[in-house]
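Visitor: Submitted below is the structure of interest, expressed as structure tokens.
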């Protein structure tokens, strides 16, 4: 829960970045938090704590958000 909500808060901060470099830096933090959220969900499944089916949609969304974040960073670097 913490890493998932942290990614949202960090994204909000990135939207208020003072420069492109600041945006890239803050989006890097979003990337780390999104990846951490995915990691914890994988651990829950691999540890047998939760059934894969229960986290399937959430893990898919986390993967998609991670891909969007990485694409945003790459685009910002190109326009920098």
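Visitor: If you average the sequence gap of Cα pairs under 8 Å that are 6 or more apart and divide by the length of the stretch 1-68, what percent do you get for the contact order?
Guide: Details: 50 pairs, mean separation 20.7, N = 68.
Once normalised by length, the contact order is 30 percent.
Visitor: Right, here's the next one. Roughly what angle does helix 20-46 make with the longest principal axis of the chain, taking Cα atoms, 0 to 90 degrees, to the nearest 10?
Guide: The angle comes out at about 0 degrees.
Visitor: Report the gain in length on full extension from residue 68 to residue 19: 0.36 nm times residue separation, minus Cα-Cα distance, nm rounded to one decimal.
Guide: On the way: separation 49, 0.36 × 49 = 17.64 nm, distance 1.98 nm.
Full-extension gain reported as 15.7 nm.
Visitor: Further, regarding this structure: Report the label-to-label distance for residue 9 and residue 57 in nanometres (one decimal), using points 7 Å from each Cα along the Cα→Cβ vector.
Guide: The answer from the label model is 2.7 nm.
Visitor: Separate question: Ranking 32, 51 by Cβ neighbours within 10 Å, fewest first, what do you get?
Guide: On the way: 32 16, 51 10.
By the 10 Å Cβ count, ascending: 51, 32.
Visitor: Still on this model: Against the longest alpha carbon principal axis of the chain, how many degrees, from 0 to 90 and to the nearest 10, is the axis of helix 52-79 turned?
Guide: 10 degrees
Visitor: A further question on this structure: Rank these for me by crowding, 22, 10, 35, going from fewest to most other beta carbons within 10 Å. Could you put the intermediate results ahead of the total?
Guide: Working: 22 13, 10 20, 35 17.
The order, fewest Cβ neighbours first, is 22, 35, 10.
Visitor: To test your reading of the geometry: what angle, between 0 and 90 degrees and rounded to tens, separates the Cα axis of helix 2-15 from the longest principal axis of the chain?
Guide: The angle comes out at about 20 degrees.
Just so you know, all these numbers are worked out from the coordinates, no wet-lab data involved. All values reported here derive from a predicted model rather than from experimental measurement. Please note: Cβ atoms are built from the backbone with ideal geometry, for glycine as well, and neighbour counts cover all protein chains shown.
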